[in-house]
C-alpha cells in the first residue's frame, strides 16, 4: 500500500485571515487539518497549537510505547485510534489552558480532523465540522458526522437536510477543541483499499463544493496535489466565503509480486 | 497573502502565512516551521519582513541555509525562491499579494458574517432535551440493546459465530481480521463492517460481498436476518437477545 498525498490551504475570497492550517507527517503517515475560530487573529493560534500538539503526542507515542493515554479510552477501537483521540483531547486541554490564561486569547478554539494510517488500517478522529470523505469505486461517502447544531438536529430528526443547508445557524458548533476543559472526540476506523482516495477538508470546501463536484474533481485529477489545488480553486470559484483547506490522499497498490498476481488472477477467474 | 510552503521530496508538508512576526525554522518543536531532522539545527533560520522586503537569515546553523542552491547568511527573497534546509525545501509564494493589495484599497473590510461559535453546556443540554421531547433518539432504538452477531452457515472460518464488538469488523485472511477466512486465494481484506450511530454497514474489501443474493454497491445497512456471501463463505447477520 503506497500513499500519495497532496494538500493546500487558502484564505478564500472574503476573509482577510487564514485561520485554517494542516500538517502532513510522511514518516508517521499522519495527516491533520484544523479550522481555527475566535476571530481577531486568534483562530490561527488555536488551530496551529492544536495541530502541533497532536503531531507531537503521536510522535512521542511512536518513540515510546509507554506514553500515557490522555483521557478515557474508547473500548471499541484499536490502540492506535485511541492514541489519536488522546492526542486531540490533549490538544483541547492545551488550547483551553492558553485561552484561559490569556485574556486576548479568550474564546479561541478549533476544529480537528486527523487521519493516521498503519498498513491498510485508517484511524480517524475528529471534533467540529471539518470532514473526512472516502472516495471508493466512484462513490463518495462522508466518514465523519459534523458536530454542528444543524447536523445534530438532522441526525435526531428535528430538521431536514434541506432545512439544514438553508439555515443561518450553520456556523454554530456543538463541539470544538479548546472551548471547554474537556472534549468528546469521535473516533472511527476503516480498512483502506488500493484505488481509494481519502479527503480531509475544512467547511470552506464542503459548504462551497457539492459532493458530486468533489468526487468528479478527484476522479479526473492527475495527482493528489492536482486534486487538492483544483478543489481549492473550485471553492473559490463558487464564492470562497471562508478559508478553505484540503488534504487529498490517494491509496495506490504496491507493485505486486508474482505470488500476489497469481492470487488476484485466481480470484478474478473464480 | 504571502506564504512559505514546506516541501519534502515533492510533497507539501505545511504552509505558513507570512505576517508581521518573523517565521522561525528549526528542529525544536516551538519553531513556526519545525523540521524533525538531525541535519537541522534547533533554531536554524528565520524569515521576516524588513523595510518592505522579505529576508531569510541563517541563525549560525551547523549545516547552513541555501537559497537557490547557494549558501547564504542573509539574503533577500522573491516569489518562487527556494530555501534548502537539510533535505527540506521552503518555497516563497507571493503570487496572491497583488490581488490582496488591490482588494484592501478598494473594498471596505469584509463583514465577519458566518463567524463560527460554539454552544455552551447549557445550550447543548437544551438541544438534547428538545430532541428527547421529539422522541427521535436513535440511540434508544431496540437494536442497540441486543448483540449484533455473525453466524457462519458455510465456508472455512476460524469460528462458527462472531459477536461484533468494535466499530470495525474485518472479514478476510489478515491477522487483523475479526472473521478470519482460510484458503490460499482469499484476500487479506475481503469485506468490512462499520458500526455507525444507526446500525451496522457492510462494505466491500478486495471482494464485493452479496447481501440476500445481490452484490452490494455502496455501503449497505445490515438488517436482522440478512444473508451475506463473501467469496465462498456464507454468514447470517442477526441481533441476538
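Say whether the condition of being buried (at least 16 other Cβ atoms within 10 Å of the Cβ), more than 14 Å from the chain's Cα centre (by Cα), away from chain B (no Cβ under 11 Å) and at pLDDT below 95 is met by at least one residue in segment A:103-126. Checking segment A:103-126: at least one residue is buried (at least 16 other Cβ atoms within 10 Å of the Cβ), more than 14 Å from the chain's Cα centre (by Cα), away from chain B (no Cβ under 11 Å) and at pLDDT below 95. Scanning segment A:218-238 for residues that are surrounded by 15 or more Cβ atoms within 10 Å (Cβ to Cβ) and in a loop (DSSP other than H, G, I, E, B) returns A:221, A:238.
Selection within segment B:197-218: residues that are surrounded by fewer than 13 Cβ atoms within 10 Å (Cβ to Cβ) and at pLDDT 90 or above. The member of this set that is nearest to the other protein chains (Cβ to nearest Cβ) is B:215.
I'd like to know if segment A:251-260 contains one or more residues that are surrounded by 12 or more Cβ atoms within 10 Å (Cβ to Cβ), modelled with pLDDT under 95 and part of a helix (DSSP H, G or I). Within segment A:251-260, one or more residues are surrounded by 12 or more Cβ atoms within 10 Å (Cβ to Cβ), modelled with pLDDT under 95 and part of a helix (DSSP H, G or I). Selection of segment A:13-53 for residues being more than 7 Å from chain B (Cβ to nearest Cβ), at positive phi and surrounded by fewer than 22 Cβ atoms within 10 Å (Cβ to Cβ) yields A:29, A:40, A:41. May I ask you to verify whether residue A:146 is in a strand (DSSP E or B), touching a strand residue (DSSP E or B) at 6+ places or on another chain (Cβ under 8 Å) and under 30 Å from residue A:224 (Cβ atoms)? So residue A:146 fails the test.
Each residue in segment A:74-99 was checked for being farther than 15 Å from residue A:56 by Cβ and within 13 Å of chain B (Cβ to nearest Cβ), and 12 of them qualify. For segment A:1-12, a tally of residues being crowded, with 20+ Cβ neighbours inside 10 Å and either within 19 Å of residue A:80 (Cβ to Cβ) or facing another protein chain (nearest Cβ under 9 Å) (or both) returns 7.
Restricting segment B:6-15 to residues that are under 18 Å from residue B:78 (Cα atoms) and surrounded by 19 or more Cβ atoms within 10 Å (Cβ to Cβ), the residue that is farthest from the other protein chains (Cβ to nearest Cβ) is B:6.
When you look at residue A:34, is it outside any strand (DSSP E or B), within 15 Å of the chain's Cα centre (by Cα), closer than 27 Å to residue A:240 by Cα and in contact (Cβ under 8 Å) with a residue 40 or more places away in the chain, yes or no? Judged against the criteria, residue A:34 is not a match. Here the strands (runs of 3 or more DSSP E) wholly within segment B:159-241 that include at least 3 residues being farther than 25 Å from residue A:260 by Cα are B:161-163, B:191-196, B:199-204, B:226-230, B:233-240. Sort out which residues of segment A:63-81 are loosely packed, with under 15 Cβ neighbours inside 10 Å and assigned to a helix (DSSP H, G or I), and write them in order of number. Selection gives A:63, A:79. Only one of the numbered conditions (1) part of a loop (DSSP other than H, G, I, E, B); (2) closer than 22 Å to residue A:21 by Cα is not met by residue A:168, and that is (2). Looking at B:41, B:53, B:28, just one residue is surrounded by 20 or more Cβ atoms within 10 Å (Cβ to Cβ) and either free of Cβ contacts under 8 Å to residues at least 40 places away in the same chain or within 14 Å of chain A (Cβ to nearest Cβ) (or both), and that residue is B:41. Evaluated against (1) surrounded by fewer than 24 Cβ atoms within 10 Å (Cβ to Cβ); (2) modelled with pLDDT of 95 or more; (3) more than 8 Å from every other protein chain (Cβ to nearest Cβ); (4) closer than 19 Å to residue B:34 by Cβ, residue A:56 falls short on exactly one condition, (3). Set side by side, the residues A:174, A:139, A:179 differ, and just one is at pLDDT 90 or above, surrounded by fewer than 21 Cβ atoms within 10 Å (Cβ to Cβ), under 24 Å from residue A:244 (Cβ atoms) and facing chain B (nearest Cβ under 7 Å), which is A:139.
The values are calculated or read from the model by the stated rules, or taken from the named source; none is laboratory data. Just so we're clear, the structure is a prediction, and the values are computed from it rather than from any experiment. Cβ atoms come from the backbone with ideal geometry, glycine included; neighbour counts cover every protein chain shown.
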